[in-house]
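Take a look at the structure set out below.
The values are calculated or read from the model by the stated rules, or taken from the named source; none is laboratory data. This is a predicted model, so every value here is computed, not measured. All Cβ positions, glycine included, derive from the backbone under ideal geometry; neighbour counts span all protein chains shown.
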Amino acid sequence: MPWNQSAAEAAARAAAEAARRQKIALLQLQITRKNQELTKVNQQIASLSSEHGKLGTTLADWCTQKADYSGNEVVSEVVILNIFEGKCADALKEELTSCVGEMDKTYSGVTSLNTQVNVQIGRLRERVSIIGQELRDLQLELNSL
């Protein structure tokens with residue numbers, strides 16, 4: 001009888017050890033997948049941050065150009081020497097005014113896009129934080145085995 005009992009105990013220990021190894025393998029797989037996800041999210045953050053910087057530079061350039069067009073002497077000083085010059089000056093003034101209006105629309109659109117990119121970066125950073133906590137939890141569980 002003692003022999004059968006020790007064989008049963010050995011079989012139970014072997015089964016428990018196999019379950020433990022399987023659990024360890026599963027946790028290691030989950031950790032690997034979380035690390036891969038973390039890498040992808042960090043790459044997205046880096047890419048979006050780069051684009052956010054480019055958009056900021058573009059917005060600054062547009063502000064400079066708009067200021068140049070808005071302060072252009074041709075727009076503020078329409079000199080009429082005769083009918084031809086008057087018509088051209090009026091057309092030029094309308095064109096530059098229209099151009100500044102289009103720049104305002106574009107600036108507004110790019111500003112909105114830049115804001116949305118920044119919001120997305122914030123959401124991705126939150127995801128990094130969540131993944132980090134999940135990784136810590138998985139590592140603690142793995143260490144406890």
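Is it fair to say Leu27 is farther than 30 Å from Asn114 by Cβ, surrounded by 12 or more Cβ atoms within 10 Å (Cβ to Cβ) and modelled with pLDDT of 95 or more?
yes
From (1) polar (S, T, N, Q); (2) exposed (fewer than 11 other Cβ atoms within 10 Å of the Cβ); (3) at pLDDT below 95, pick out the condition that doesn't hold for Ser50.
Exception for Ser50: condition (3).
Has region 95-117 got any residue that is polar (S, T, N, Q), surrounded by 14 or more Cβ atoms within 10 Å (Cβ to Cβ) and under 12 Å from the mean Cα position of the chain (by Cα)?
The answer is yes; a qualifying residue exists.
What do you reckon, is Ile131 part of a helix (DSSP H, G or I), surrounded by 11 or more Cβ atoms within 10 Å (Cβ to Cβ), in contact with a Lys or Arg (Cβ under 6 Å, 6 or more places away or on another chain) and modelled with pLDDT of 90 or more?
Yes: the conditions hold for Ile131.
I'd like to verify a number: residues in region 57-108 that are at pLDDT below 65 and of a type in the set (A, V, I, L, M), how many?
7
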